[in-house]
Amino acid sequence: MTHISTETDHMISNIGRELKVRIESGQLNNPAMIGIHTGGTWVAQRIHQHLEIETPLGELNISFYRDDFSRKGMQPQVSPSRLPFKVDDRHIILVDDVLYTGRTIRAALNEIFDYGRPATITLVVLAMRDGRELPIQADIVGGHFELESHQQIKLQGPNPLSLRIMDV
C-alpha cells in the first residue's frame, strides 16, 4: 500500500491556485462549489475555504443516480443532496476525489441538471487515474495516476486527508 498524504495537501493547494486564477480572470464569475459525497466534499471544503467563496458549499449524494449500484451490489446510504443556492445560470465548480470510470461524474451531472441549468460546470478532481469508461475528463487535476488493474486509489479523511493506493 502506498500512502500519499504530503502530496495531497500540495495537490489541493495547486488546485486552489488554478481556480483562483480562473475566478480572478472572470472565467468563473461568482462561482458556486459542489462536492460529491464523501471524498469530493472533503476536498471541496478545503478548496472552498482557501478561495473564500461566499456562496455556501453544496453537497451531492449521487447514490440513486448511479447506473451500476445494483450490479456492484452497493447499498447506498440515503442522505439528501444539499444545494443551498440556485443552479440556474451559475458557474458551478464540481469537485470529486478520484476520477476513474466517469460514472460518478455522469451521475452528478444528471443530478445537477435536475436542479436547473448552470452557465458552466468546471470539473475538479484531486486524483485522475486511467480506466475511463465514459468520455469525461476533468478541467483541473491535482495528480494523474496510472495503476495496475488490481489497484485502486482511495481518499481517506477527513482529517488528515490522504490518498492511498491499495491492492484490491
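Go ahead and estimate [θ] at 222 nm for the chain from helices alone: -39,500 (n - 2.57) per DSSP H run with n ≥ 4, summed, over the residue count, rounded to 500.
Using -39500 (n - 2.57) per qualifying helix, the result is -9500 deg cm²/dmol.
Express in whole angstrom the spacing between the alpha-carbon centres of the stretch 77-116 and the stretch 130-163.
18
Most fluctuating residue of 116, 26, 39 in a GNM of the chain with Cα springs under 10 Å: which is it?
It is 26.
Which net charge results for the neighbourhood of residue 154, defined as the other residues with beta-carbon distances under 10 angstrom from its beta-carbon, given Lys and Arg at +1 and Asp and Glu at -1?
Counting the neighbours of residue 154, the net charge comes to 0.
Assign unit charges at the C-beta atoms only (+1 for Lys and Arg, -1 for Asp and Glu), then state the dipole size of the chain relative to its Cα centre in Debye, rounded to the nearest 20.
Its charge dipole is roughly 240 debye.
What FRET efficiency would be calculated for the residue pair residue 88, residue 152, taking the C-beta separation as r and a Förster radius of 25 Å, to the nearest 0.05?
For residue 88 and residue 152, the calculated efficiency is 0.10.
What's the local net charge at residue 109, with K and R +1, D and E -1, over the other residues with C-beta under 12 Å away?
0
Output the antiparallel fraction of DSSP beta bridges having both residues in the chain, as a percent to the nearest 5.
If I count the DSSP bridges inside the chain, around 30 percent turn out antiparallel.
Net charge around residue 129, counting only other residues with Cβ within less than 14 Å of its Cβ (Lys, Arg = +1; Asp, Glu = -1)?
Once all neighbours under 14 Å are counted, the net charge is -2.
Just want the answer: with Cβ charges of +1 for Lys and Arg and -1 for Asp and Glu, which residue in 51, 92, 16 is farthest toward the dipole's positive end in the chain?
Checked the options; the winner is 92.
Here, each number is a calculation from the coordinates, and none is a lab measurement. Predicted model, so just to flag it, every value in this text is computed and none were measured. Note that each Cβ is placed from the backbone with ideal geometry, even for glycine, and that neighbours are counted across all protein chains shown.
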